[in-house]
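Report on the structure given below.
The values are calculated or read from the model by the stated rules, or taken from the named source; none is laboratory data. In this text, all values refer to a predicted model and were calculated from it rather than measured experimentally. A quick note on method: Cβ atoms are made from the backbone with ideal geometry, for glycine too, and the neighbour counts reach across all protein chains shown. Heads up: the accessible areas ignore ligands, DNA and RNA and are worked out on the full protein's heavy atoms, side chains in. Shrake-Rupley method; radii C 1.70, N 1.55, O 1.52, S 1.80 Å.
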Amino acid sequence: MLSMSSLSLKEGDEVKVSDAPAADPACELEPISQAVYTEPLVLEKVTTISQRLANPEFQPTNRDDLYPKHKHMLIKRSLRCRECEHNLSKSDFNPSSIKFKIQLVAIHHVPEIRIMTVPNLNFQKESHVVLTLFNPVGNMTHLNLLPSDPEESDWDTATIELPTCDLVLAARDDASEFDEGVDQQQEFNDDSSVITFRKANKIGFVVKVTPQKAVGEVKVSFLMKYDYKNMTTALPGENKEPQTDILQHCVYVNLGPVTS
């Protein structure tokens with residue numbers, strides 16, 4: 001057991017270790033108070049087993065006798081890019097606030113893919129899986145799904161047939177979710193055999209998956225290529241077009257076990 005003085009030791013100092021005395025078994029227990037039999041039991045004032053074990057030295061029976069539990073200090077940290085050293089995440093200076101002054105994490109800029117419906121996945125039988133795409137940015141995004149190189153990773157346990165057409169995601173508009181009766185699928189001229197639904201900045205599309213292993217998880221991967229407009233490079237006072245970049249990410253999807 002380390003002594004408390006070792007907590008402030010400097011580098012190179014010796015650490016003194018003191019042996020804790022062994023606990024002596026008690027043969028006699030404290031008598032039970034008569035109030036247990038005469039007064040009504042109020043469960044709100046009695047500590048639980050977990051609360052008593054959290055304070056093994058005292059093990060109080062009443063909640064009024066509980067001691068504050070030691071916890072690690074929590075601090076706010078900022079994050080910078082390793083290449084350009086710009087702030088990617090910077091929290092508010094107010095300690096009671098959970099907001100960020102700067103929040104440039106990828107989930108606010110990269111289209112999000114989720115699994116919507118998965119049918120029975122049978123060995124070497126084609127199944128139609130519905131995935132969803134969500135556009136987190138405030139401008140329209142054009143997206144293509146491309147097959148990945150199977151030699152680069154051993155993740156895939158199934159083959160996947162991706163849509164060959166461009167997937168167009170509408171810009172994010174928080175007020176559009178309250179608009180009812182607007183058929184956006186005709187507005188974007190979507191192929192009904194590929195796009196299952198369209199609502200605001202979210203679409204659902206179909207991919208065809210064929211498991212290649214009789215047992216185990218059905219895993220597929222593909223490339224997601226999309227255009228991204230960097231709105232942060234253009235200052236509000238400048239009449240400058242935002243920079244458009246073509247980004248590409250590899251997406252790994254686990255669709256669950258093969259149906260036996």
Over the chain, give the accessible area per residue in Å² for a 1.4 Å probe, as an integer.
-> 78
Once you've got the GNM for the chain with C-alpha springs shorter than 10 Å, pick whichever of K229, K101, K16 has the biggest mean-square fluctuation.
-> K16
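Quick one: which of 81-90, 26-35 comes out on top by average Cβ neighbours within 10 Å, and what's the full order, highest first? Spell out each step's value before the answer.
Numbers: 81-90: 10.8, 26-35: 7.0.
So the peptides 81-90, 26-35, ranked by packing, come out 81-90, 26-35.
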In terms of Cα to Cα distance under 22 Å, which lysines are near enough to K16, apart from those fewer than 8 places away along the same chain?
-> none
Cross-link reach from K213 to lysines, straight Cα distance under 16 Å and at least 8 residues apart if same chain, gives K125
Would you work out which of T210, P257, P25 lies farthest towards the positive end of the dipole of the chain? Charges go on Cβ: Lys and Arg +1, Asp and Glu -1.
-> P25
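Calculated FRET efficiency, E83 and C250, Cβ-Cβ r, R0 35 Å, to nearest 0.05?
Plugging the Cβ-Cβ distance into 1/(1 + (r/R0)^6) gives 0.95.
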With mean projected area of the Cα convex hull in nm² in mind, check (i) 29.7; (ii) 15.8; (iii) 14.7 and report the label derived from this structure.
-> (i)
Accessible-area composition of the chain, carbon plus sulfur, in percent [1.4 Å probe] | 53
For the chain, what is the mean residue ellipticity at 222 nm derived from helices alone (per DSSP H run of n ≥ 4: -39500 (n - 2.57); sum divided by total residues; nearest 500 deg cm²/dmol)?
-> -1000 deg cm²/dmol
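So between N122 and L66, what do we pick up on full extension, going 0.36 nm a residue minus the alpha carbon distance?
Working: separation 56, 0.36 × 56 = 20.16 nm, distance 5.70 nm.
Roughly 14.5 nm would be gained on extension.
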Filtered hits (lysines, Cα-Cα < 25 Å from K202, offset >= 8 within chain) -> K219, K225, K229
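Sort 155-164, 58-67, 249-258 by packing, meaning the average of other beta carbons within 10 Å per residue, with the highest value first.
155-164, 249-258, 58-67
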